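To start, the structure itself, in structure tokens.
The values are calculated or read from the model by the stated rules, or taken from the named source; none is laboratory data. Owing to the predicted nature of the structure, the values given are computational and were not obtained by experimental measurement. All Cβ positions, even for glycine, are placed from backbone atoms using ideal geometry, and neighbour counts span all protein chains on display.
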Amino acid sequence: MTKKALVIFSGGQDSTTCLLQAINEYGSEHVEAITFVYGQRHDIELRQAEWIAKDLAIKQHVLDISSLGQITNNALMDKDQTINQGDNNHYPNTFVDGRNALFILMAAIYAKSQQISDIILGVCETDFSGYPDCRDIFIKSMNVSINLAMDYTFNLKTPLMYLTKAETWALADQLGYLDYIRQHTHTCYYGVKGGCGKCPSCLLRDKGLQAYLSCK
Ligand code: ZN
């Protein structure tokens with residue numbers, strides 16, 4: 001049986017790089033994407049995700065789990081909050097409790113229904129904000145949990161886990177999609193098309209790109 005993969009896809013730099021790498025590895029007809037509507041403060045990234053999936057001819061499932069907003073509150077979902085980076089004692093206020101656990105569980109339920117075992121996500125513990133659900137140890141524990149929950153052998157793959165942002169740009173370049181990702185992916189917390197250049201997410205993306213381009 002041909003191996004298939006499901007990519008958890010937001011339309012941002014990281015998950016788009018994962019999607020392109022998966023297409024490269026599995027072939028586009030064997031890759032599907034799943035995108036979650038969870039009450040994001042802007043819908044630009046969802047529109048970009050839909051555009052990219054269509055452009056790359058990838059089957060995409062958009063799943064609405066925005067009822068999450070009924071039980072938690074944070075700056076990523078609430079337009080009235082100012083985004084801050086956090087410090088040593090606090091996570092940034094863009095952290096969404098349980099988000100990746102929920103994404104992985106929902107993705108796994110769908111993947112099993114399609115006889116897909118490989119689930120790919122663009123989490124990274126190297127230079128992001130220290131979100132607990134981006135750490136390798138959490139992904140490994142979640143992999144064990146979903147396998148036990150559904151009596152199925154899922155394989156959670158996180159190709160960006162130990163890459164810096166500069167290395168993620170390098171990977172995009174190797175795949176032949178550096179300019180594509182620069183132009184078409186959305187990362188800005190404030191939903192500014194092309195990036196605001198000021199929020200933590202834009203700063204990280206731009207710094208990584210400059211670092212990569214300067215040593216190319
Ligand atoms: Zn921004």
Condition first: of a type in the set (G, A, S) and within 16 Å of the ligand (Cβ to nearest atom). Can you find one or more residues in the stretch 159-174 that meet it? no
Yes/no for D64 being modelled with pLDDT of 85 or more and surrounded by fewer than 19 Cβ atoms within 10 Å (Cβ to Cβ): yes
Kindly provide the set of residues from the stretch 113-155 that are among the charged types (D, E, K, R) and in contact with a strand residue (DSSP E or B) (Cβ under 9 Å, 6 or more places away or on another chain), ordered by number. D118, K140
What residue, among those in the stretch 13-36 that are touching a Ser or Thr at 6+ places or on another chain (Cβ under 7 Å) and of a type outside the set (S, T, Y), is farthest from W169 (Cα to Cα)? H30
Residue check, D151 surrounded by fewer than 17 Cβ atoms within 10 Å (Cβ to Cβ) and more than 16 Å from the chain's Cα centre (by Cα): yes
If I filter the stretch 123-139 for residues that are within 16 Å of the ligand (Cβ to nearest atom), at pLDDT below 95 and over 19 Å from C18 (Cα atoms), do I get at least one hit? yes
Out of the residues in the stretch 175-198 that are of a type in the set (A, V, I, L, M, F, W, C) and crowded, with 17+ Cβ neighbours inside 10 Å, which is farthest from the ligand (Cβ to nearest atom)? L178
